[in-house]
Amino acid sequence: MATAKRKHGEIAEATPRSLSLSNSYESSPEPGAATTQNSHGRSRPFIASQACDQCRLKKTKCDEDRSRCSTCMRNGLECRYAEAKPTKKDQTISKIYSSIYRLERKIEDVASLIRQQNGPFTDPPRDHPPVPVEITHGDGHKDRLSIANVLNASPVAKHARMHTDADALFAPVPSASNSTDHFADGARQMSFSAHRILQWPAIHALLPDFLQGSELVENYATKLEATRPPLPFTVSPSRHSTGSSDSERQDWLQSLPISVIRGLTEAYFNMFNTSNPILDRGYFYSATLSTVMESGFGYNIESCVLLVVLALGSMAVTAHREADFPLYPLHDGDYEGTPLGFVPPDWIDVTEEAEGLPSGLRFFNEQRKRFGFLMCGTGLEYVQCHLLAGLYYAQTVRVLDHWHMVNKAAVGCLMLLNGSQADSYNWDSWKCDMLARVFWNILMFESILVQELDVPPSGLSDYEDIVPLPKFPSYPVSGSKTVEENDTNYQYHFLAQAAHRKLLNRMRNSIYTYEPGMQQFPSIALSRELQLQLDRWRSTHPPFIQQDPQNSNIHSPTSPTKLASHIMSAMLHGRYLIGMHLMRRPFVYKVLHVPAGEIISSDVLDEVRRCLENAVDWPQITGVFEKARTAIPIKFGFGSQFLGQLLLFKGVEQSLREEVRACLPAGWEDWVGKVFAYLRAIALESPALARDVYILETLYHEHDPK
């Protein structure tokens with residue numbers, strides 16, 4: 001305990017106050033350190049990562065100030081810094097950055113070229129958009145109110161109102177959006193939402209009469225999720241709460257063995273933090289955990305962070321047990337004589353809850369008790385805590401609760417990005433890189449939630465050009481690299497997913513956007529360019545996360561004995577299939593609504609065929625995930641996409657045109673059966689997904705329960 005206290009004191013005392021990302025209570029140590037202490041308590045200057053040439057030659061202390069360090073300035077010397085040699089990790093990340101930049105510029109250039117070639121014309125377009133483009137909106141389009149607009153006192157906030165046109169399949173492109181300035185007046189954007197496919201006229205016509213125009217199929221996801229009760233606040237105690245009185249049983253956290261805490265936190269970092277690197281492992285063990293040990297799970301932000309980590313760690317244990325995978329990573333040489341299946345730890349009962357309750361709820365409830373006293377706190381650790389709570393809600397398929405937490409995290413992030421010190425942020429520093437990590441985690445979650453729910457965006461995406469992708473510098477603690485750095489290479493997975501999100505945004509702002517005067521909508525040329533960019537995105541992955549370029553339907557984890565490796569491999573391969581599918585979904589809309597007698601070109605049919613081919617055999621519900629349902633990430637997001645897939649398959653199957661029906665891929669019925677099995681199992685956790693299943697069962701009569 002003395003060692004833990006000393007380490008916490010060192011970090012807290014060493015924090016430079018000029019660039020603090022945390023304004024939490026005094027018990028909260030600030031990330032980062034400029035000095036350390038030796039065993040005798042004396043301050044020791046920090047070791048410069050790159051001293052100037054003069055200080056390096058004279059072997060004197062260098063504070064690394066640019067353009068002249070204080071030593072050279074005091075002695076009147078010329079101050080020069082040698083160019084730092086990039087590490088292998090830096091070169092890989094730089095390659096990813098360059099690929100993202102080229103991708104964005106290329107798509108922008110191609111989209112602009114297509115507009116220039118089309119140009120305005122007076123005759124009616126030969127290949128006109130479907131009827132929904134002509135939908136009127138009463139008193140006009142209602143822009144969504146952005147939290148960023150409120151914080152920045154933007155004039156747009158005075159006129160913006162919540163968007164309520166749930167039936168609009170082609171919503172007007174907001175004129176105030178910086179990312180859409182190049183669009184012509186009157187441009188409309190096709191909905192990216194899978195649930196809005198239910199509003200396609202051709203799909204809506206397939207519904208039975210009692211569902212036509214019913215609230216059962218219109219904007220139901222948000223309404224249903226808003227009416228569900230919260231997670232229960234009372235759970236049965238574990239065997240670690242052995243006291244006879246209520247007060248003794250309430251002290252079960254204080255009596256929790258350190259081996260249990262360590263086991264659960266390792267389970268969290270080995271599974272969840274690899275996919276969503278919200279926390280830094282080194283800082284967590286050096287500062288956060290030591291603070292909690294001092295306070296005895298007190299009412300501070302560190303205790304709240306740890307409690308959510310323990311809750312997620314409990315889920316990780318459950319996922320490993322479902323998959324029959326070893327709980328902790330195996331290293332080279334550990335396989336011989338070691339069982340590869342799940343070996344339950346002695347403390348596994350602390351992860352178990354009553355039937356129907358999610359794993360780790362007892363820890364999550366303890367966090368909820370404490371966080372009520374801290375809800376007004378600000379700073380990076382508060383953002384992290386909200387994001388971790390959102391991740392727990394995501395795994396329990398409580399999508400609206402997930403959005404609430406992500407939205408709170410976004411507000412905290414916006415406050416940091418608009419703070420008095422924001423202009424002086426050094427994004428190469430560890431502290432600011434942690435802010436970049438949570439920023440991109442928030443954006444990736446928010447993109448899915450805002451797309452499928454009737455909720456407002458936070459406005460955080462307006463800062464994409466300001467906040468760089470994280471570079472994952474190591475937290476300055478002694479010791480070797482952690483398991484997640486050496487074995488799972490989580491930072492490259494995360495950067496690849498962030499780059500993919502950028503690509504999806506480009507798809508939505510290009511191929512999903514119709515402008516008056518376009519001769520062809522959607523654009524085949526733009527679809528083919530997007531395909532090239534998606535292939536380039538995959539080809540730039542480092543070798544250890546590369547997929548088989550000869551067979552896009554195979555995903556193979558680099559470490560088959562690690563569940564986290566399966567998750568990351570499935571996510572990358574799944575994102576590739578999502579991109580292939582989504583970039584061509586407007587073509588399915590086109591062929592389902594083409595006027596009778598109009599010829600459908602072979603190029604358009606090829607796009608439809610490829611769209612449907614990439615809507616089968618997604619890895620998120622195959623392989624180990626057929627058993628390990630707890631391990632599936634963003635369940636609601638993938639469940640929504642599966643709803644969209646089955647609606648498209650049924651719409652194409654019921655088409656009156658033979659050439660359209662011929663686009664259905666081989667084996668699509670088998671895939672429909674697998675999706676139904678998954679959705680029916682997960683529908684027990686979400687009323688919105690239960691409604692999805694109910695609607696699909698009215699269309700697929702042969703899949704109705706007997």
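Every number in this text was worked out from the coordinates using simple rules, so none of it is lab data. Source: prediction; values computed, not measured. Positions of Cβ are backbone-derived with ideal geometry, glycine not excepted, and every protein chain shown enters the neighbour counts.
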Practice task
Provide the gained length on full extension for the span PHE373 to ARG262, in nm with one decimal, where the gain is 0.36 nm per separating residue minus the Cα-Cα distance.
Solution key: 37.3 nm
Completion exercise
In the structure shown, of LYS408/LYS502; LYS650/LYS674; LYS223/LYS674, the pairs separated by more than 25 angstrom at the C-alpha atoms are LYS223/LYS674
Exercise for the section: Using every pair of alpha-carbon atoms in the range 563-693, split the distances into 5 Å bins beginning at 0 and state the percent of pairs per bin, rounded to integers. Expected result: 2, 10, 21, 21, 18, 13, 8, 5, 2, 1, 0
Practice task
Extending each Cα 7 Å along its Cβ direction at ASP209 and VAL235, get the distance between those two points in nm, one decimal.
Solution key: 4.9 nm
Problem - Cα-centred dipole magnitude for the range 601-674, charges only on beta-carbon of K, R (+1) and D, E (-1), debye, nearest 20 - result: 440 debye
Problem - Residues SER295, SER640, sorted so that the one with the fewest Cβ neighbours within 10 Å comes first - result: SER295, SER640
Practice task
Kindly put ILE203, ILE466 in sequence by how many other C-beta atoms sit within 10 Å of each C-beta, fewest to most.
Solution key: ILE466, ILE203
Handout entry: Counted charge near PHE445, where neighbours are those whose Cβ lies closer than 14 Å (Asp, Glu -1; Lys, Arg +1)
Key = +2
Completion exercise
Here the net charge surrounding ARG368, from other residues whose Cβ is less than 12 Å away from its Cβ (Lys, Arg +1; Asp, Glu -1), is +1
Exercise for the section: Rank the residues TRP618, TRP671 as a footprinting-exposure proxy: fewest other Cβ atoms within 10 Å of their Cβ go first. Expected result: TRP671, TRP618
Exercise for the section: Any chance you could list P(r) for the range 285-438, counting all Cα-Cα pairs in 5 angstrom bins from zero, rounded to whole %? Expected result: 2, 8, 14, 17, 17, 15, 12, 8, 4, 2, 1, 0
Handout entry: For peptides 469-475, 596-602, sequence by mean Cβ density within 10 Å, most packed first
Key = 469-475, 596-602
Practice task
Provide the gained length on full extension for the span ARG66 to ASP324, in nm with one decimal, where the gain is 0.36 nm per separating residue minus the Cα-Cα distance.
Solution key: 87.5 nm
